[in-house]
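The values are calculated or read from the model by the stated rules, or taken from the named source; none is laboratory data. What you see is a predicted model; the values in this text were computed from it and never measured. Cβ atoms come from the backbone with ideal geometry, glycine included; neighbour counts cover every protein chain shown. Heavy atoms of the whole protein, side chains included, go into the accessibility calculation; ligands, DNA and RNA do not. Shrake-Rupley method; radii C 1.70, N 1.55, O 1.52, S 1.80 Å.
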Amino acid sequence: MGVRRREFVRGAAGVAALAATGVATAQEEPDYGDWFSNVGNYDGTTVDRRGEDSIEIAVGAQGNGGGFAFDPPAVMVNPGTEVVWRWTGDGGTHNVVSEGDGPLDSGDAVDEAGKEYTYTFEETGTFKYYCVPHESLGMKGAVVVREGEPSDGGDGGTGTPQGPPANPDYGDWFSNVGNFDGTTVDRTDQDAVEIAVGAQGNGGGFAFDPPAVRVTPGTEVTWRWTGDGGAHNVVSNGDGPLDSGETVDQEGAEYTYTFEEMGVYEYYCVPHEAVGMKGAVVVGGPLGGGDDGGQADAPDITVPGWPASASVLLAFLAPLLYAVVSRRRQQTPPGVDESERVEGEPAPVTEADETEPAVEVGHDEYDPWGTAALVAFYFVLIALLWVFMYFVEFLGRVSVIG
Amino acid sequence: MQVHDFEKLWFGASLLLIVGFIATIAYGSAGVGIAMVDDSGGTISAQAVQSGETGTQFDDPGVVKENESHYTVYVVAQQFQFVPGSGDTPIRVPTDAKITFKVTSADVMHGFSIVETNINTMVTPGQVAEVSARFDDPGTYGLVCHEYCGAGHHTMGGSVEVVPQSEYNDTEVTQ
């Protein structure tokens with residue numbers, strides 16, 4: 001899940017960068033090894049701030065489950081640039097310390113907002129750093145010092161936009177959509193894609209079919225009304241571009257939109273949103289060049305539930321079954337011959353025989369010495385455990401004396 | 001009712017064992033001086049600990065020398081470190097002296113447990129946990145937080161270095 005979310009963020013950031021600054025020219029991305037593997041707010045891009053004399057990095061930015069992030073986590077600067085880490089005051093106490101024997105060390109972790117730590121990088125290289133108390137949470141960063149100018153002349157990211165990931169994270173958008181089975185239908189090979197409005201689903205003609213579809217940028221998507229399920233429309237979630245206007249119930253009605261920008265476009269039918277008439281169009285990608293048709297790339301680890309359920313049921317019923325069988329056996333009374341009974345008279349009551357015990361234990365069988373030996377053995381064992389636990393294990397260690 | 005002589009013997013031995021257990025605990029308490037963790041540390045404002053404005057030694061945690069044979073260690077536990085104790089700042093104390101640990105939290109509930117010793121207390125925000133001990137042998141002991149305190153709890157640890165009194169360096173210690 002973490003990986004998927006990160007990929008999604010990376011994709012989204014790529015889209016954002018695309019929208020903000022145009023296509024960023026590809027440049028050599030620094031190799032951080034697995035330094036950023038557990039850093040949730042690192043989206044795979046290094047923010048290029050070359051050409052600036054002084055830059056600022058927030059310490060305690062939101063990320064990694066709280067105020068446990070450096071923002072931006074990865075930044076590229078020219079030699080001679082003054083980098084200022086500024087504390088936000090969130091997420092407890094932080095510090096900035098180089099990995100290994102690097103130059104950065106802001107000293108003890110502090111939590112006051114506005115605290116600054118400044119370092120001027122004179123030499124080129126990759127300088128990794130982290131916050132000592134929160135390293136394990138992913139509070140890590142890197143400063144890359146390189147010559148040169150930002151390739152796009154702006155402040156944009158340098159990620160290569162590839163579109164949303166193979167299995168986009170829709171959040172809970174599809175949580176109440178009955179006809180969404182977790183897959184995004186891949187139509188990236190088509191110039192024109194059609195989606196049925198009012199398809200069967202969600203308890204009537206209240207579905208988009210397919211609910212989630214992936215297309216390439218520039219694809220014309222046509223929504224075609226089936227005429228079922230009453231009047232529908234197609235409206236973007238939030239302030240997206242889709243809006244088919246008033247609701248229509250006429251079969252064959254069409255609404256067309258051509259998607260040019262990459263991203264995930266969620267939409268719904270206003271009157272039937274509550275019953276789950278929702279959909280999404282994923283434009284671009286998938287990230288990583290996969291052509292798996294948007295199928296979930298996580299392995300299917302579900303196992304059938306019935307063997308476990310059946311075992312538990314059997315375990316519960318076993319005593320009952322045993323009781324029933326035992327009762328059956330007892331109900332077959334021995335010894336009474338039905339043919340000897342006179343019609344109309346009650347069956348004679350026979351008393352159970354007084355059975356003699358098979359073996360009688362008398363005092364003669366009691367072996368005082370054997371029992372005494374056993375009891376003595378137990379006493380010795382307890383005494384040994386007592387001495388060992390209290391005097392060796394407990395008092396033998398450094399103890400609390402006040 | 002007939003009771004065998006041996007059985008009478010066992011009754012007596014059982015009672016003796018119980019008396020022995022109680023006597024052991026009495027010896028541990030009175031003879032060795034084993035104490036329970038109590039509320040003797042008093043209370044403190046966790047906010048003040050966080051901002052370093054308690055007006056106590058918790059504003060500058062570390063080892064304080066009370067006298068030749070008594071040192072007090074002030075430790076602030078916070079997500080996810082002991083100050084001092086974690087990272088490059090182990091707690092350094094001498095042998096053969098009474099060491100009093102005063103531990104408090106700057107944020108949430110923590111634990112303070114020195115591994116392989118009986119020093120083990122909860123660290124509650126607003127409270128000062130106070131435990132004393134005497135280390136006879138030099139060595140390095142692990143220090144762990146054993147109360148779940150958040151996402152990084154599993155990494156919250158440190159160490160206590162016990163050095164021979166003759167080698168103990170007082171220069172880093174508040175006198």
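The alpha-carbon of residue B:98 sits under 21 angstrom from the alpha-carbons of these lysines, leaving out residues fewer than 8 places away in its chain: B:65. Cross-link partners of residue A:140 among aspartates and glutamates, defined as those whose alpha carbon lies under 12 angstrom from its own and excluding same-chain residues fewer than eight positions apart: A:34, A:71, A:99. Comparing each chain alone with all protein chains together (probe 1.4 Å, DNA, RNA and ligands left out), the residues of the range B:1-25 losing at least 30 Å² of accessible area are B:4, B:6, B:10, B:17, B:21, B:24. Panel note: contact residues of the range A:386-402 (accessible area lowered by at least 20 Å² against the chain on its own; 1.4 Å probe) correspond to A:386, A:390, A:391, A:394, A:395, A:397, A:398, A:399, A:400, A:401, A:402. Which of the residues in the range A:124-140 lose at least 10 Å² of accessible area when you go from the chain alone to all protein chains together (probe 1.4 Å)? Listed in order, they are A:132, A:133, A:134, A:136, A:137. Shape analysis of the range A:185-283 places it in the prolate category; the axes a ≥ b ≥ c from the Cα gyration tensor give an a/c of at least 1.5, with a/b above b/c. In plain terms, the chain from residue A:378 to residue A:236 could stretch by 43.3 nm, reckoned as 0.36 nm per residue minus the Cα-Cα distance.
Around the amide H of residue B:127, modelled in the peptide plane, lie the amide H atoms of B:44, B:105, all under 5 Å away and 5 or more residues distant in sequence or on another chain. At the listed q of 0.10 Å⁻¹, the Debye profile of chain B, built from one uniform point per Cα, gives log10 I(q)/I(0) equal to -0.46.
Look at the dipole of the protein assembly as shown built from charges on Cβ: of A:177, A:378, B:104, the Cα furthest out on the positive end belongs to A:378. Summing charges over all other residues whose Cβ lies under 9 Å from the Cβ of residue B:41, with Lys and Arg as +1 and Asp and Glu as -1, gives -2.
Report the per residue volume, in Å³, of the convex hull enclosing the C-alpha atoms of the range A:66-225. Walk me through the numbers before you get to the answer.
Values: hull volume 29.8 nm³, N = 160.
Each residue corresponds to 186 Å³ of Cα convex hull volume.
Using the Karplus relation 6.51 cos²θ - 1.76 cosθ + 1.60 with θ = phi - 60°, the per-residue 3J(HN,Hα) values for the range A:386-402 come to 4, 4, 5, 5, 7, 7, 8, 6, 8, 6, x, 9, 4, 10, 7, 10, x Hz, with x marking Gly and Pro. Take chain B with all the other protein chains still there, run a 1.4 Å probe, and you get 50 Å² of accessible area per residue. By the Cα gyration tensor, the range A:22-145 has an equivalent ellipsoid whose semi-axes, rounded to whole angstrom, run 21, 16, 14 from largest to smallest. The angle between the Cα long axis of helix B:5-26 and the longest principal axis of the Cα atoms of chain B comes to about 20 degrees, rounded to the nearest 10. With protein chains left intact and a 1.4 Å probe, residues in the range A:16-148 average 41 Å² of accessible area per residue. This model, with +1 at the C-beta of Lys and Arg and -1 at the C-beta of Asp and Glu, gives the range A:185-283 a dipole about its Cα centre of some 260 debye. Normalised per residue, the accessible area of the range A:185-283 is 42 Å², obtained with a 1.4 Å probe and no contribution from ligands, DNA or RNA. The listed residues B:102, A:140 rank as B:102, A:140 when sorted by accessible area, largest first, using a 1.4 Å probe.
Gain in length, residue B:165 to residue B:40, computed as 0.36 nm per residue apart minus the alpha-carbon separation, to one decimal in nm? Working shown, then result.
Numbers: separation 125, 0.36 × 125 = 45.00 nm, distance 2.74 nm.
Contour length minus Cα-Cα distance gives 42.3 nm.
Taking every alpha-carbon pair within the protein assembly as shown, the share separated by more than 42 Å comes to 56 percent. For peptide A:378-385, the mean count of partner chain Cβ atoms within 10 Å of a residue's Cβ comes to 2. Exposure check, 1.4 Å probe, all protein chains in place: residue B:109 carries approximately 70 Å² of accessible surface. Computed from the C-beta positions of residue A:273 and residue A:324, the FRET efficiency with R₀ = 35 Å rounds to 0.05. Accessible area buried by the pairing of B and A, both sides summed with a 1.4 Å probe, works out to roughly 3000 Å². Along the axis of the charge dipole computed for chain B (Cβ charges of +1 for Lys and Arg, -1 for Asp and Glu, origin at the Cα centre), the listed residues B:120, B:22, B:168 are led at the positive end by B:22. Accessible surface of the range A:185-283, 1.4 Å probe: 40 percent of it comes from carbon and sulfur atoms.
Summarising the label geometry, the points placed 7 Å from Cα in the beta-carbon direction at residue A:54 and residue B:4 lie 9.5 nm from one another.
Charged side chains reduced to their Cβ positions (Lys and Arg at +1, Asp and Glu at -1) give the protein assembly as shown a dipole of some 880 debye around its Cα centre.
For the peptide B:79-89, the mean number of other protein chain Cβ atoms found within 10 angstrom of a residue's Cβ is 4.
The amide H of residue B:108, built 1.01 Å from its N in the peptide plane, has B:79 as neighbours under 5 Å, considering only residues 5 or more places off or on other chains. Here's how it looks for residue B:174: its modeled amide H is under 5 Å from those of B:63, B:65, which are all 5 or more places away or on a different chain.
Considering only beta bridges that DSSP places wholly inside the protein assembly as shown, some 60 percent are antiparallel.
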